[in-house]
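Computed from the coordinates by the stated procedures, all read-outs in this text should not be read as laboratory data. Computed from a prediction, not measured in an experiment: that's the story for all the values here. Every residue, glycine among them, receives a Cβ derived from its backbone with ideal geometry; neighbour counts consider all protein chains shown.
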């Protein structure tokens, strides 16, 4: 064999390998149905996500250092990046002006830089995914962490997680925009950056992935889950070297089983947490509505919010800043009653009102702090289950109820504390709080902002009924077909002699002399032929006029594939043929037939019936006594 032949052979084999690799897992190419639709693009996205995760960890480090720097500059007039609480400052009455100054800076940055830096970050990330094709402006990646650091550093009662989620998402989006990717693939990398940022900030890689699934991805697919999980994992690894290991709030493990009284207490905690979550959400947006009534530009709103923060900080300094030290005290169980009530009242008020003013900051840390304070109050009358136990359960319940992300809240609490014994109590309390808020409120604190901008977001995931039903279950087999030899002259008579169902049939298969599918014609085309008989020969046969390469469907494919094909082709009716014999006509499927799947789904949701009927079997003597008494 010649060298040229050997080289050609290897080239052909390599081409086939590349083709097979590209279509790996693609059930449409293979002609078979599978559990997932992932293909080799997932590998490319995974490698990009790994790089995004590493960058997100550095971004988290920079944001935390900036928060420490501005806190030290604003309250202690020193150059240091260490995270400190503003509560120990000696500014006196001038403390009121510090949040105002920070808010004025943020207002100018938002108006003349980017309005996207306003808010708590996660709704802005959702909006970028839903509306902007997962495109985030590069300047947002710079201005968002800077504005958030100024907001929190000047005493804002916010968390760093929302800004880092938005900033990490912006980094992921910018990297994605450098490559030839689809909007769906850009979304995956945006979310990978968001998850990486949260993972590095809180040492919570699993909770970061769950937050992505429950709130940002709007899907549960391997093509998105794998890259996002890898980004979160590598960011957590990088955190070990950049910020140190977790947990962020280490607590001694509590009892593995807390008894019936303890579990009933968890139910009560869930109800109280759900009520508080609803109250906090309403307070934030009531505050926002009040600011909209002001006759001044929104640029000045944060300054008013800053004044509220300053007054609240003067009354209760521990309410200022991120409050990680306060969360630690609540979980250790050594917080005083005054501290607990101050957090629950002052922190809640200044957080909700300042957030409604449109400043920049996150919601996770404040919700943890407020929820922990609620648990501190509940510990006064609930059974004692260990130091900080009810604060731990309550802070997760408030978080899950407010964000409507129950699994994120449960795992987040476990990763923050490493207290695995709290898993079952957390599950009970968080799910109760989640159920409470779902019943009493239409939207969460995060999706309400998206809704106010004129968009709707469903948080429910369910199996598509179009995926369950197949073409063979809804197609019409009682079909009128025309022969290819039918002439224009004989067409009217052929339609007149056809059965009654031809009166409503909109697509007519054209069959060859061997009963094989030759093409199709629509009713509108046939009527046009009859109306314009003078413009063509009456001896013309339909085989000259038919569409000889029709778009077809197969009986063994789900209806969702047919819907996609209709959207791509613009046709709403397909002939159904055998996959192995494309000329063998089996029926016709139309858009109206696809509604059968939706009708079936509606029946399952609305139709109530008693399936199992119980019949009591009594002893014969008892039946005899009953019959005599009658």
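The range 466-606: percent of C-alpha pairs farther apart than 18 Å?
Numbers: 5639 of 9870 pairs.
Above the 18 Å cut-off, the range 466-606 has 57 percent of its Cα pairs.
Between the range 421-442 and the range 545-569, how many Å separate their Cα centres?
What the calculation gives is 45 Å, centre to centre.
Can you tell me the 0 to 90 degree angle between the C-alpha axis of helix 389-403 and the longest principal axis of the chain, rounded to 10?
In the chain, helix 389-403 runs at an angle near 40 degrees to the longest axis.
Just to confirm the number: angle between the C-alpha axis of helix 406-417 and the first principal axis of the chain, 0 to 90 degrees, nearest 10?
The helix 406-417 is inclined about 40 degrees to the chain.
Show me 142-152, 504-514 ranked by packing, highest mean number of other Cβ atoms within 10 Å first.
Numbers: 142-152: 26.1, 504-514: 16.7.
Top of the packing list down: 142-152, 504-514.
Quick check: residue separation of residue 179 and residue 452 times 0.36 nm, minus the Cα distance between them. What number comes out in nm? Could you put the intermediate results ahead of the total?
Working: separation 273, 0.36 × 273 = 98.28 nm, distance 3.28 nm.
In short, 95.0 nm is gained.
Kindly express, to the nearest 10 degrees and within the range 0 to 90, the angle between helix 97-112's C-alpha long axis and the longest C-alpha principal axis of the chain.
That works out to roughly 30 degrees.
Highest mean first, how do 404-410, 239-245 rank when packing is the count of other Cβ atoms within 10 Å averaged over residues? Mind showing how you got there, number by number?
Details: 404-410: 24.9, 239-245: 14.0.
Most protected by this proxy first, the peptides run 404-410, 239-245.
So for each of 359-365, 104-110 I average, over its residues, the number of other beta carbons within 10 Å; can you give me the resulting order with the highest mean first? It would help to have the intermediate numbers written out before the result.
Numbers: 359-365: 28.1, 104-110: 21.4.
Taking the mean over residues of other Cβ atoms within 10 Å, the ranking is 359-365, 104-110.
Would you calculate a helix-derived [θ] at 222 nm for the chain, using -39,500 (n - 2.57) for each DSSP H run of n ≥ 4 and dividing by the full residue count, to the nearest 500? Mind dumping the intermediate values first?
On the way: 28 runs with 373 residues, N = 630.
Estimated from H runs of four or more residues: -19000 deg cm²/dmol.
Once Rh for the range 150-195 is found with the Kirkwood sum over Cα pairs, what is the Stokes-Einstein diffusion coefficient at 10 °C and 1.306 mPa s, in µm²/s?
Here the translational diffusion coefficient equals 140 µm²/s.
Test of understanding: extend the Cα→C-beta vector of residue 609 to 7 Å, then name every residue of the range 449-480 with backbone N under 19 Å from that spot.
Counting backbone N atoms under 19 Å from the label point, the list is 469.
If eta is 0.692 mPa s and T is 37 °C, what Stokes-Einstein diffusion coefficient results for the range 333-470, Kirkwood Rh from Cα pairs, in µm²/s?
Answer, rounded: 200 µm²/s.
Run the quick spin-label model on residue 568 and residue 142: label points 7 Å from Cα toward the beta carbon, then report their separation in nm to one decimal.
4.2 nm
With the calculation restricted to Cα positions, what are the radius of gyration and Dmax of the chain in angstrom?
Calculated on Cα positions, Rg and Dmax stand at 32.2, 106 Å.
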